[in-house]
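What follows is one structure encoded as structure tokens, with my remarks underneath.
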Amino acid sequence: MEDIKKKFTHLYNIISSPNFLKKESLGGEIPFFISAYDPAMETEVSDSIKGLKNKLENSGVSVLELNLYDIVCDILESKGGVERMFEIEKVKKKDKFLNALQSTLNIHQVLTPKIKEIIDQNPSSVYFLTGIGLVFPYIRSHTILNNLQNIAKDSPTVIFFPGDYNGTSLNLFGAMKDDNYYRAFNIDLINAKP
């Protein structure tokens, strides 16, 4: 099992550093960083993310958490409510329901603009992207990351990913290989500057 306390001490040391916040040493790449974790440790990681946010904010680093699950629920509420989607799920086949849900949350016309609106209203030193496992399979991690790189580029974005990331591919829950994604740095492998 991964040492979560050690992991989040490392994350604090990296994220709070001026080089990270100024997006230095990226070689022209987008400021996306993935921190993969064992999905079995979801509760500990969730609590540690809250603690990391508080510690960073107490150090003068503003953090905006973009929880995909919460954002999706807000969108569904604005489009007739989550209960309405439960009713649709009862009468449609799984593939038809998935299509209906994906259509309602259209990544280009609905979800990405909503995330942009949240970012524009809450400028921050760093963004945390959470809730990736909770929105699978109707939102795929590589799809959201490809769309976010155009709107979340002013500040570094740390993606908390339940699974594995080897620098080229995402493996959700350690069991489902997503499409390749090469544009993010593995923040867990970055050495903290003394």
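Candidates GLN109, ILE75, VAL63 compared by Cα position along the dipole of the stretch 39-110: farthest toward the positive end lies GLN109, with charges placed on Cβ. Per-residue SASA remark: GLU77, around 110 Å² accessible (1.4 Å probe; ligands, DNA and RNA not included). For SER25, the accessible area of its heavy atoms, probed at 1.4 Å with every protein chain present, is near 110 square angstrom. Which entries of LYS55/LYS153; LYS93/LYS116; LYS55/LYS116; LYS23/LYS114; LYS96/LYS153 show an alpha-carbon separation above 28 angstrom in the structure shown? Cα-Cα > 28 Å for LYS93/LYS116; LYS96/LYS153; rest within. At a probe radius of 1.4 angstrom, the accessible area of the stretch 69-166 per residue rounds to 51 square angstrom. The charge dipole of the stretch 38-136, taken about the Cα centre with unit charges on the Cβ atoms of Lys, Arg (+1) and Asp, Glu (-1), comes to about 420 debye, rounded to the nearest 20.
Note: relative contact order over the stretch 1-86, using C-alpha pairs below 8 Å and six or more positions apart, is 31 percent. When shorter helices are ignored and each DSSP H run of at least 4 residues is given -39500 (n - 2.57), the per-residue value for the chain at 222 nm works out to -12500 deg cm²/dmol.
Dipole size of the chain about its Cα centre, with +1 on Lys/Arg Cβ and -1 on Asp/Glu Cβ: approximately 280 debye, rounded to the nearest 20. Surface composition of the stretch 1-76: carbon and sulfur atoms hold 47% of the protein heavy-atom accessible area at a 1.4 Å probe.
Between the C-alpha center of the stretch 125-151 and that of the stretch 20-72 there is a gap of 12 Å. Loop-located trypsin sites (Lys or Arg not before Pro) across the stretch 18-94 with a Cβ neighbour count of 10 or fewer within 10 Å are LYS93, with loop assigned by DSSP. Of all DSSP-defined beta bridges confined to the chain, some 25% are antiparallel rather than parallel.
To the nearest 10 square angstrom, what accessible area does GLU117 show with a 1.4 Å probe? My reading of the accessible area for GLU117 is about 80 Å².
The values are calculated or read from the model by the stated rules, or taken from the named source; none is laboratory data. None of the values given here were measured: they were computed from a predicted structure. Cβ: placed from backbone, ideal geometry, glycine included. Neighbour counts: every protein chain shown. When the accessible area is computed, the model is the full protein with side chains, heavy atoms only, and any ligands, DNA or RNA have been set aside. Shrake-Rupley method; radii C 1.70, N 1.55, O 1.52, S 1.80 Å.
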